[in-house]
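**Student:** For reference, the structure I am asking about is given below.
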Amino acid sequence: MSLKTNKQNYTYPERFFPKKRGVIKAFNVGPDFGHVDEVNSVAITPDGEYVVSGSNDKYIKIWKLDSGKLVRMIKTDTIDVVSIAISSGGEYIVSSASNHSIGIWDFETGNLLKKLKGLDDFTYTIKITRDNKYILSGTLKGPIMVWDFDTCEIVRILEGHSNTVNSLDISQDGNYLISGSYDKTIKIWDFIRGKLLGTFSNPEGINSVIITQDNKSIIAGCEDKKIRIWDIESKKNVRILEGPTEVFTLALTPDEKYIVGGFGEYDKENPQHNEIKIWENETGRLLKTIVAHEEAINTVVVSPDGTKIISCSMDCTVKVWDFKTGDLIRMINGGYFRLSSIAITPDGKNLFYGFNMAKNKGKEFLVYKEV
């Protein structure tokens, strides 16, 4: 099918994108329009109207989700864009770069408003508190930096991790911060006072952390093939869920009754290990195993209505699964495209994903309707 966007045409190979798959628009048609280097981060605005992407090509780009129109390009003065976050009201974009830079951008104008002061380390992950008062950055060396959003000054440094902090989560009430690191620990912080409340050690590094909405539990995906669940009040590991390989990604259903884990290993000879598993959160009972992909699963998300699981993999596919039966509903085959991240709009109607083209210098984004 031929797509016209920004006065340029792009035709997708039918063998990769058959019409019945439902691909409706592309977010790249050439170096002057889409990204021309690896896409590191993707986010959707809280209202589900826009998609924001950050790339090694130094650009932040804002796209209208319903039309696929590029509405704004922000050329940063950094060497890349590693991570992005959007404020809860959608007014601001915060971006980090590997040259120790974090910037705050006006969403409407694309203007650089401020730069955070005092950063001397690579920022791996960024979070903005729900009240937009603070920016949190997880660093390569381990400290977690807390910045005042208005003054851009460091108000607190949380010391404790000795290696890369690659995952942060904040409780719904803003009282707790959870951090997961390659130093093989998860830490619970009193965010208001900046006090370390507890540390949980693990035999291997932590890839993903989630705090439940009731502030009672922490769920962590680990490199040692396990999902560990800790009770926050007692600070005890109450349950261990065994997986076949490294846990790369975690998701909870909207009602938090079920845990979804994505597993994998970088070995094409053992595709059976690249699985999705579903557990009952309260009991830890394994409900379903889906042999999902031929390579490691990078991301899993659950649709807002809880009826579907969407997974993306290094095998260049996005797959949509029926949550109840585990059946494959549809597959989007990227051919030779290595898929890096996926997100779903709040209304559950559109799936957005980014990937790198192994045989093409350009980088693509697609929206897939009716997941």
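**Student:** For region 69-100, which residues satisfy the criterion of being in contact with a Ser or Thr (Cβ under 9 Å, 6 or more places away or on another chain) and under 16 Å from D47 (Cα atoms)?
**Tutor:** Of region 69-100, the ones in contact with a Ser or Thr (Cβ under 9 Å, 6 or more places away or on another chain) are 69-70, 72, 74, 76-86, 88, 90, 93-100.
A85, I86, S88, G90, I93 - these are the residues of region 69-100 that are in contact with a Ser or Thr (Cβ under 9 Å, 6 or more places away or on another chain) and under 16 Å from D47 (Cα atoms).
**Student:** Still on this model: Restricting attention to region 69-90, and to residues there that are crowded, with 17+ Cβ neighbours inside 10 Å and within 8 Å of K58 (Cα to Cα), which single residue is nearest to the chain's Cα centre (by Cα)?
**Tutor:** The extreme case among them is V81.
**Student:** Additional query: Please go through (1) outside any strand (DSSP E or B); (2) touching a strand residue (DSSP E or B) at 6+ places or on another chain (Cβ under 8 Å) for G198 and return the number of the only condition it doesn't satisfy.
**Tutor:** In the conditions (1) outside any strand (DSSP E or B); (2) touching a strand residue (DSSP E or B) at 6+ places or on another chain (Cβ under 8 Å), G198 misses (1) alone.
**Student:** Please list, ordered by first then second residue, the pairs with beta carbon atoms under 6 Å, 6 or more apart or interchain, first in region 211-236 and under 16 Å from G261 (Cβ atoms), second outside any strand (DSSP E or B) and among the β-branched types (V, I, T).
**Tutor:** So the pair list comes out as K225/T245.
**Student:** Filter region 91-128 down to residues that are of a type outside the set (A, V, I, L, M) and under 17 Å from the mean Cα position of the chain (by Cα) and give me whichever is surrounded by the most Cβ atoms within 10 Å (Cβ to Cβ).
**Tutor:** Selected residue: S96.
**Student:** If R193 satisfies all but one of (1) outside any strand (DSSP E or B); (2) under 30 Å from L116 (Cα atoms); (3) of a type outside the set (S, T, Y); (4) under 23 Å from the mean Cα position of the chain (by Cα), what's the number of the condition it fails?
**Tutor:** It is condition (4) that R193 fails.
**Student:** I157 - would you say it is surrounded by fewer than 16 Cβ atoms within 10 Å (Cβ to Cβ) and assigned to a strand (DSSP E or B)? Break it down into steps so the answer makes sense when it comes.
**Tutor:** Details: surrounded by fewer than 16 Cβ atoms within 10 Å (Cβ to Cβ): yes; assigned to a strand (DSSP E or B): yes.
Yes.
**Student:** Please determine whether any residue of region 80-99 is closer than 24 Å to S181 by Cβ and of a type in the set (F, W, Y).
**Tutor:** Checked against the condition, which is being closer than 24 Å to S181 by Cβ and of a type in the set (F, W, Y), region 80-99 yields no hits at all.
**Student:** Now a separate question. Tell me yes or no: at least one residue of region 328-338 is at pLDDT 85 or above, loosely packed, with under 15 Cβ neighbours inside 10 Å, hydroxyl-bearing (S, T, Y) and in a loop (DSSP other than H, G, I, E, B).
**Tutor:** Checked region 328-338: no residue is at pLDDT 85 or above, loosely packed, with under 15 Cβ neighbours inside 10 Å, hydroxyl-bearing (S, T, Y) and in a loop (DSSP other than H, G, I, E, B).
**Student:** Could you list all residues from region 42-52 that are at pLDDT 75 or above and within 14 Å of the chain's Cα centre (by Cα)?
**Tutor:** The answer is T45, V52.
**Student:** For D131, state whether it is more than 22 Å from the chain's Cα centre (by Cα), assigned to a loop (DSSP other than H, G, I, E, B) and either at pLDDT 90 or above or not small (G, A, S) (or both). Quick ask: steps written out before the conclusion?
**Tutor:** Working: more than 22 Å from the chain's Cα centre (by Cα): no; assigned to a loop (DSSP other than H, G, I, E, B): yes; either at pLDDT 90 or above or not small (G, A, S) (or both): yes.
Against the criterion (more than 22 Å from the chain's Cα centre (by Cα), assigned to a loop (DSSP other than H, G, I, E, B) and either at pLDDT 90 or above or not small (G, A, S) (or both)), D131 does not qualify.
**Student:** Of the conditions (1) modelled with pLDDT under 80; (2) among the polar types (S, T, N, Q); (3) within 29 Å of V238 (Cβ to Cβ), T289 satisfies every one except a single condition; which number is it?
**Tutor:** It fails just one condition, (1).
**Student:** Going through S208, S167, S179 one at a time, which residue ends up being surrounded by 20 or more Cβ atoms within 10 Å (Cβ to Cβ), modelled with pLDDT of 95 or more and within 24 Å of S88 (Cα to Cα)?
**Tutor:** None of the other options fit; the residue is S179.
The values are calculated or read from the model by the stated rules, or taken from the named source; none is laboratory data. Everything numeric in this text was worked out from a predicted model, so none of it was measured. Please note: Cβ atoms are built from the backbone with ideal geometry, for glycine as well, and neighbour counts cover all protein chains shown.
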